[in-house]
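Read through the structure below, which is laid out as structure tokens, and then see the notes.
Just so it is clear, none of the values below were taken in a lab; they were calculated from the coordinates. Small disclaimer: the values here were computed from a predicted structure and weren't measured. Counting neighbours? That spans all protein chains shown, and the Cβs are built from the backbone with ideal geometry, glycine included.
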Amino acid sequence: MGAEPTFPKGDLMKGKRGLIMGVANKNSIAWHIARQLHAQGATLAFTYAGEALERRVRPLAESVEAELLVECDVTDDASMDAAFASVKDKWGELDFLVHAIAFTDKSALEGSFVANTTRQIFKDTMDVSAYSFVDAARRASELMNPGGSMITLTYLGSERTVPNYNVMGVAKAALEASTRYIARDLGPRGIRVNAVSAGPIKTLAAAGISSGKHMFSFNRLASPLRDDTDPRGVAGAALYLLSDLGLSCTGETHHVDAGFHIVGMPDEGALKE
Ligand code: NAP
């Protein structure tokens, strides 16, 4: 990563309190989103996924004056119960939720999808990367009033095949469909639910994908903007969807990927660096 990104300040999120799930370190997409929301006046709570991560997440949370930092393993019901109980005890209500969580076994992120996807890997990937949003959305919605908003993070590998993305693409397809069904269910209560489909960004999760380098350069060279995906654009989309700027928008999968998703065939010569 180059210089630390900066985020436009304002008061679009003033008075809103939200839970951020999925910060592992300062490169995490959830961290860029948290910084943008904080710069617009949001009050934040964070979950972290284990003791080792607490050491990295605590100083980040403190730097944005987070009011709550709580451990949460999304595959463990007791851990989810405890995390959401802490939010309820602290605030009583919740205005927004950011879900930026995914995991699969590294062995499934290379080679053949059909050969490498065992039953256990399929189940575990779906559990962490798709079901966790259904579960978190249900729990968060119990604390939300009309005007509440939630987002999850997805990737184009749900719609098209991407080398080595494999079972994670299948989980992202389930995540996007879940987003639409959750939006349908919570819409009558005035709660909006959307997904941001980000292009490749250098994070811990992205480092697990074989041939990630090819993924980055192909996206950059073939996209209409001929550029990498800027995490500030992803954070800006999150701000739009989570603030009242996004009124009337729900059930959407919004792409922030330098336009890569619209390309059927790259321009002649585009793939030469
Ligand atoms: P990241 O920094 O590695 O964040 C992934 C987060 O998921 C980590 O905090 C991780 O914690 C957490 N997690 C994994 N298993 C968990 C569990 N059982 N319980 C609770 N948390 C768990 O990577 P990222 O790229 O920002 O990923 C955030 C989201 O964006 C993911 O959904 C990812 O698929 C999506 N996305 C990423 C890209 C990209 O190019 N980076 C593009 C599009 C979409 P641990 O580190 O402890 O596992």
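Odds and ends about this structure:
- Nearest 10 degrees, 0 to 90: helix 51-63 Cα axis against the chain principal axis: 70 degrees
- The modelled label-to-label distance between Ala270 and Ala85, using points 7 Å beyond Cα along the C-beta direction, is 5.3 nm.
- Cα-based helix-to-principal-axis angle, 231-242 vs the chain, degrees rounded to 10: 40 degrees
- Sequence-ordered 3J(HN,Hα) estimates for the stretch 88-103 from the Karplus curve with 6.51, -1.76 and 1.60 and θ = phi - 60° stand at 4, 4, 6, 10, x, 9, 9, 9, 8, 9, 10, 10, 9, 10, 7, 7 Hz, glycine and proline given as x.
- Pairs of lysine residues in the chain - Cα separation under 15 Å, sequence separation of 8 or more or cross-chain: 7
- Degrees between helix 212-222 axis and first principal axis of the chain (Cα, 0 to 90, nearest 10): 80 degrees
- Taking amide H as placed 1.01 Å from N in the peptide plane, the amide H of Val70 sits under 5 Å from that of Phe46, Thr47, Tyr48, each at least 5 places away or on another chain.
- Each peptide in 100-113, 27-40, 122-135 receives the mean, over its residues, of other Cβ atoms within 10 Å, and ordering these scores from highest gives 27-40, 122-135, 100-113.
- Couplings 3J(HN,Hα) for the stretch 29-41, derived from phi with the Karplus relation 6.51 cos²θ - 1.76 cosθ + 1.60 (θ = phi - 60°), are 4, 4, 6, 4, 4, 4, 5, 5, 5, 5, 5, 9, x Hz, where x marks Gly and Pro.
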